[in-house]
Amino acid sequence: MKLSNTENVKKWVAALRSGKYKQAQFAMHKSDGSHCCLGVARELMEDKSDADAYGAVARWLGIPNEGDLISYGGLDKFVQLNDHFNQSFAHIADYVEDECLE
């Protein structure tokens, strides 16, 4: 799956590699200040007021629309890498660069 907002995707990759964010699983943001990979993307967004956090991140990264809906399934690969395969932010950044940039 290619992410169409290249500028935002590159910002996200840089943030994942920055060492600034502590990694968490199973939540975008936890009270200890840690984030999942999608939570890092959410932190980079200027407008965080959208109640649909996953939809906002999907739009910000440029995940393709399916009809009138954003493909939440497009986020699933990142959730799997972060939460279920316990991949580091650096590994997720490598995946994004190798597989998701147009």
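The values are calculated or read from the model by the stated rules, or taken from the named source; none is laboratory data. Everything numeric here is computed off the predicted structure, so don't read it as measured data. For neighbour counting, all protein chains shown are included, and Cβ atoms are generated from backbone atoms with ideal geometry for every residue, glycine included.
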Of all residues in region 85-102 being touching a Leu at 6+ places or on another chain (Cβ under 6 Å) and assigned to a helix (DSSP H, G or I), the one that is farthest from LYS2 (Cα to Cα)
PHE89
Can you find a residue that is surrounded by 14 or more Cβ atoms within 10 Å (Cβ to Cβ), in a loop (DSSP other than H, G, I, E, B) and either among the basic types (Lys, Arg) or touching a helix residue (DSSP H, G or I) at 6+ places or on another chain (Cβ under 7 Å) (or both) anywhere in region 38-47?
yes
Region 20-37, subset of a type in the set (D, E, K, R) and out of contact with any helix residue (DSSP H, G or I) (no Cβ under 9 Å at 6 or more places or on another chain), residue farthest from VAL96 (Cα to Cα):
ASP32
Could you check region 60-96 and list, in sequence order, the residues that are surrounded by fewer than 15 Cβ atoms within 10 Å (Cβ to Cβ), under 17 Å from LEU16 (Cα atoms) and at pLDDT below 95?
GLN80
Within region 4-19, how many residues are over 15 Å from ILE92 (Cα atoms) and out of contact with any helix residue (DSSP H, G or I) (no Cβ under 7 Å at 6 or more places or on another chain)?
3
Complete set of residues in region 12-36 that are of a type outside the set (A, V, I, L, M), surrounded by fewer than 17 Cβ atoms within 10 Å (Cβ to Cβ) and assigned to a helix (DSSP H, G or I)
ARG17
Close pairs (8 angstrom Cβ cut-off, 6 or more residues apart or separate chains): under 23 Å from SER34 (Cβ atoms) in region 1-23, assigned to a loop (DSSP other than H, G, I, E, B) and hydroxyl-bearing (Ser, Thr, Tyr) anywhere
ALA15/TYR21; TYR21/SER34; LYS22/SER34; GLN23/SER34; GLN23/SER88
